[in-house]
Amino acid sequence: AERDANGDPRPPLQERYGTRDGYACAVRAAAKREVASRFLLQRDADRLVDQASESDVLSSTTPAPEHRAVAAALCAR
């Protein structure tokens, strides 16, 4: 509701990542791409992935089945 009230056009985190694990998988995949492209050092990528895995993003909600499916798809890549 807050996102809509502020006119934020981005989809909610649950729709983008599904769960905290999905978020961490998305960060891991992005970091891997950036390391391969030489835009990011591996040690920095590792730190970002660790931070994503330990973050509280989406940790306060019980994921619905469709959100678990989004996370599973992200982690399968």
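The values are calculated or read from the model by the stated rules, or taken from the named source; none is laboratory data. All figures in this text were calculated on a predicted structure; none of them were measured in a lab. Cβ sites come from the backbone with ideal geometry, for glycine too, and all protein chains shown count toward neighbours. With ligands, DNA and RNA removed, areas are computed over all heavy atoms of the protein, side chains included. Shrake-Rupley method; radii C 1.70, N 1.55, O 1.52, S 1.80 Å.
Given the convex hull of the Cα atoms of the chain, what is a quarter of its surface area in nm²?
Value for the chain: 5.9 nm².
Using a Förster distance of 22 angstrom, determine the FRET efficiency expected from the C-beta separation of residue 10 and residue 55, and round it to 0.05.
0.80
Net charge near residue 75: determine it from the other residues with C-beta under 10 Å of the C-beta of residue 75, scoring Lys and Arg +1 and Asp and Glu -1.
With Lys, Arg at +1 and Asp, Glu at -1, the neighbours total +1.
Ignoring any ligand, DNA or RNA, what whole percent of the accessible area of the chain comes from carbon and sulfur when the probe is 1.4 angstrom?
50
How about segment 1-54: which trypsin sites (Lys or Arg not before Pro) there are in a DSSP loop, with at most 12 other Cβ atoms within 10 Å of their Cβ?
Within segment 1-54, the qualifying trypsin sites (Lys or Arg not before Pro) (loop, at most 12 other Cβ atoms within 10 Å) are 38.
Rounded if a/c is under 1.5, else prolate if a/b is larger than b/c, else oblate: which is segment 31-72, with a ≥ b ≥ c the root eigenvalues of its Cα gyration tensor?
Oblate, since a/c reaches 1.5 and b/c is not below a/b.
Once every DSSP H run of n ≥ 4 in the chain is given -39500 (n - 2.57) and the sum is divided by its residues, what mean residue ellipticity at 222 nm do you get, rounded to the nearest 500 deg cm²/dmol?
That calculation yields -19500 deg cm²/dmol at 222 nm.
For the chain, report the accessible area per residue in Å² (1.4 Å probe, heavy atoms, rounded to an integer).
Using a 1.4 Å probe on heavy atoms only, each residue of the chain averages 73 Å².
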